[in-house]
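Colleague: I have a structure I would like to understand better, so I am pasting it below and will then ask my questions one at a time.
Where a number appears in this text, it was derived from the coordinates with a stated rule and is not lab data. Here the structure is a predicted model, which is why all the values come from computation and not from measurement. Cβ atoms come from the backbone with ideal geometry, glycine included; neighbour counts cover every protein chain shown.
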Amino acid sequence: MSDAGDRAVGGDDDPVAAQYEAYPYPARDAAEESRRLITGSPSRLLEIRHYLRAGAPLPAGFRALVAGGGTGDGTVMLAQQLADAGVPGAEVVYLDLSKASRAICEARLRRRGLTNVSFHSGAIEDLASLGLGQFDYIDCCGVLHHLADPAAGLRQLAEALTPAGGLGIMVYGRFGRSGVYELQDALRRLGHGLDLQARVRLAKGLLPKLPKTNRFARNPILGDHKRSDAELVDLLLHERDVAYSVPELAELVAEAGLEIAAWIEPLRYDPATYLPADLLNRLEGFSALERAGLAEQLAGNLKTHTLYLSQGTRTPLDSQPTAIPTWVEWEGPAVAAMIKREGALAGAFDGLPLRLQLPPRAAAFAELCDGHRSLAEIRDALGQRFRDLPVERLEREIATCLQVFGGINRLLLMAGP
Ligand SMILES: C[S@@+](CC[C@H](N)C(=O)[O-])C[C@H]1O[C@@H](n2cnc3c(N)ncnc32)[C@H](O)[C@@H]1O
């Protein structure tokens with residue numbers, strides 16, 4: 001075992017390991033598996049393909065590591081999606097300190113009859129010595145910010161990648177978690193000398209009585225603690241967590257020798273989403289990273305950051321004619337109906353309502369995206385249907401659709417045959 005200060009990671013006196021042994025995260029019941037599959041970013045297969053592999057199908061023998069797998073959301077999703085996609089010989093490797101969490105993940109997979117996961121109990125810090133081999137993809141969701149040395153942890157993960165491999169990570173966002181850290185500190189001081197269960201009771205007693213001016217009480221996007229005790233512990237009684245601003249996170253990524261391939265959802269990291277039209281010209285000269293940092297400051301509601309990381313600059317597949325636009329958990333006809341009904345794309349991100357304007361042919365475009373037609377085929381079909389429309393206009397409308405739907409991570413490009 002490696003050292004984190006003078007405590008062994010995962011040892012009996014590691015406070016983070018003890019916390020997740022007592023409160024496996026997130027709270028999950030294997031019986032739920034017969035009703036639904038929990039999906040999300042990072043690690044949907046379509047996202048891995050689009051953001052990290054230029055849209056290519058996943059190769060036979062594809063290996064994914066879920067580092068800090070917890071009760072199994074990422075592991076179950078990856079294992080199920082790989083099985084559904086029929087990727088031959090694909091394997092998911094689960095790694096976590098917490099044996100209680102591992103048992104829940106194992107039970108969930110048993111319920112689904114999935115056998116494509118192997119389990120290891122251990123620390124990310126010890127990855128090099130665990131002999132787990134190299135990985136085409138690593139999921140590390142909600143874990144790095146709990147390590148004693150997140151940079152060293154991320155470096156370990158980077159070293160376990162195959163040459164074309166990449167990562168999907170999630171870490172806490174500094175500004176979106178406004179109010180968390182002073183409340184954590186207040187609860188630490190009030191709960192001094194109490195065991196964790198007693199501190200949970202104390203926190204539950206205090207939360208409804210916080211002064212309404214308290215910054216946590218005023219932050220409308222933080223509600224995880226209401227779901228279960230495990231969520232409350234994770235948010236407010238954690239033994240160790242840090243949050244990152246965009247520039248701080250970029251530094252962590254660079255230290256590990258990695259590149260940022262994408263921020264999820266891309267549109268949330270674009271300051272143009274939040275600025276009035278007359279200020280857009282002020283963005284001139286901003287680098288991609290400066291734009292993302294400014295978007296974070298303006299929005300204020302990024303409580304987590306989800307990113308895809310690559311080795312060397314690997315850009316997502318661009319809109320070449322053979323690319324196949326593919327909906328992520330949406331269906332073209334339903335999207336088309338919504339556009340016709342609303343006249344725009346209406347939704348909300350963490351308390352911020354957004355109404356995204358779409359071009360006149362957006363509904364027709366959405367309907368034609370069926371996961372089989374290429375962009376060239378879609379353009380031809382639209383051209384046939386709207387014969388009077390100049391080609392350049394049509395091209396512009398398609399580009400806008402790709403930008404808007406791609407910006408919310410709902411329409412991704414896959415490589416054609
Ligand atoms: C907040 S949970 C996230 C679980 C899961 N990735 C998810 O998104 O649902 C953090 C998990 O990381 C594990 N963990 C924390 N430090 C670790 C370390 N150094 N090595 C391996 N796992 C660790 C914890 O035991 C816990 O299960």
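Colleague: How far is helix 391-407 tilted off the main Cα axis of the chain, in degrees rounded to 10, range 0 to 90?
Modeller: In the chain, helix 391-407 runs at an angle near 10 degrees to the longest axis.
Colleague: Let me ask something else. Under the classification rounded if a/c is under 1.5, otherwise prolate if a/b is larger than b/c and oblate if not, where does segment 155-195 fall, given a ≥ b ≥ c as square roots of the Cα gyration tensor eigenvalues?
Modeller: oblate
Colleague: Under 1.5 on a/c is rounded, so check that first for segment 271-374, then, if it is not, pick prolate when a/b is larger than b/c and oblate when it is not; a ≥ b ≥ c are the square roots of the alpha carbon gyration tensor eigenvalues. Numbers along the way, then the final one.
Modeller: Numbers: a/c = 1.83, a/b = 1.30, b/c = 1.41.
In terms of gyration-tensor shape, oblate.
Colleague: Over the chain, what number does the Rg to Rh ratio reach, with both radii from the alpha-carbon atoms and Rh per Kirkwood?
Modeller: Details: Rg = 22.4 Å, Rh = 22.9 Å.
With Rh from the inverse mean 1/r over Cα pairs, Rg/Rh is 0.98.
Colleague: Among the GluC sites (Glu not before Pro) within segment 295-341, which fall in a DSSP loop and have no more than 15 other Cβ atoms within 10 Å of their own Cβ? Show your work: numbers first, answer last.
Modeller: Details: sites: GLU296, GLU329, GLU331; in loops: GLU329, GLU331.
When the GluC sites (Glu not before Pro) of segment 295-341 are filtered for loop state and at most 15 Cβ neighbours within 10 Å, GLU329, GLU331 remain.
Colleague: Sticking with this structure for a sec: If you average the C-alpha positions of segment 340-384 and of segment 150-169 separately, how far apart do those two centres end up, in angstrom?
Modeller: If we compute the Cα centre of each part, the gap is 35 Å.
Colleague: Once you've got the GNM for the chain with C-alpha springs shorter than 10 Å, pick whichever of LEU196, LEU206, LEU78 has the biggest mean-square fluctuation.
Modeller: Judging by the Gaussian network model, the answer is LEU206.
Colleague: What is the extension gain from THR313 to LYS340, computed as 0.36 nm multiplied by their sequence separation minus the C-alpha to C-alpha distance, in nm to one decimal?
Modeller: Extra length from THR313 to LYS340 when fully extended: 5.9 nm.
Colleague: Roughly what % antiparallel, to the nearest 5, for the DSSP beta bridges in the chain?
Modeller: So the antiparallel bridges in the chain amount to around 55 percent.
Colleague: Counting only pairs 8 or more residues apart or on different chains, how many lysine pairs in the chain have their Cα atoms under 19 Å apart?
Modeller: On the way: LYS204/LYS212; LYS204/LYS226; LYS209/LYS226; LYS212/LYS226; LYS226/LYS303.
So the count works out to 5.
Colleague: How large is the dipole of the chain about the Cα centre if only Lys and Arg carry +1 and Asp and Glu carry -1, each at its Cβ, rounded to the nearest 20 debye? Working shown, then result.
Modeller: Details: 45 positive and 53 negative charges, 291 e Å.
The dipole of the chain has a size of about 1400 debye.
Colleague: Now, a different point. Between helix 375-385 and the chain, what is the angle of the helix's C-alpha long axis to the longest principal axis, kept within 0 to 90° and rounded to the nearest 10?
Modeller: So the inclination is approximately 40 degrees.
Colleague: Given q = 0.17 Å⁻¹, what are the Debye log10 I(q)/I(0) values for segment 180-236, with equal point scatterers placed on the Cα positions and solvent ignored?
Modeller: So the normalised log intensities work out to -0.50.
Colleague: Now for a separate question. What translational diffusion coefficient, in µm²/s and rounded to a whole number, does the Stokes-Einstein relation yield for segment 324-414 at 37 °C and a viscosity of 0.692 mPa s, taking the hydrodynamic radius as the Kirkwood radius over Cα pairs?
Modeller: 247
Colleague: Can you compute the modelled spin-label distance between GLU290 and PHE175, with each label point 7 Å from Cα toward Cβ, in nm?
Modeller: 1.6
Colleague: Still on this structure, I have one more. Once every DSSP H run of n ≥ 4 in the chain is given -39500 (n - 2.57) and the sum is divided by its residues, what mean residue ellipticity at 222 nm do you get, rounded to the nearest 500 deg cm²/dmol?
Modeller: -10500 deg cm²/dmol
Colleague: Can you tell me how segment 27-80 classifies by the Cα gyration tensor, rounded, prolate or oblate, using a/c under 1.5 as the rounded cut?
Modeller: Taking the square roots of the gyration eigenvalues as a ≥ b ≥ c, segment 27-80 is prolate.
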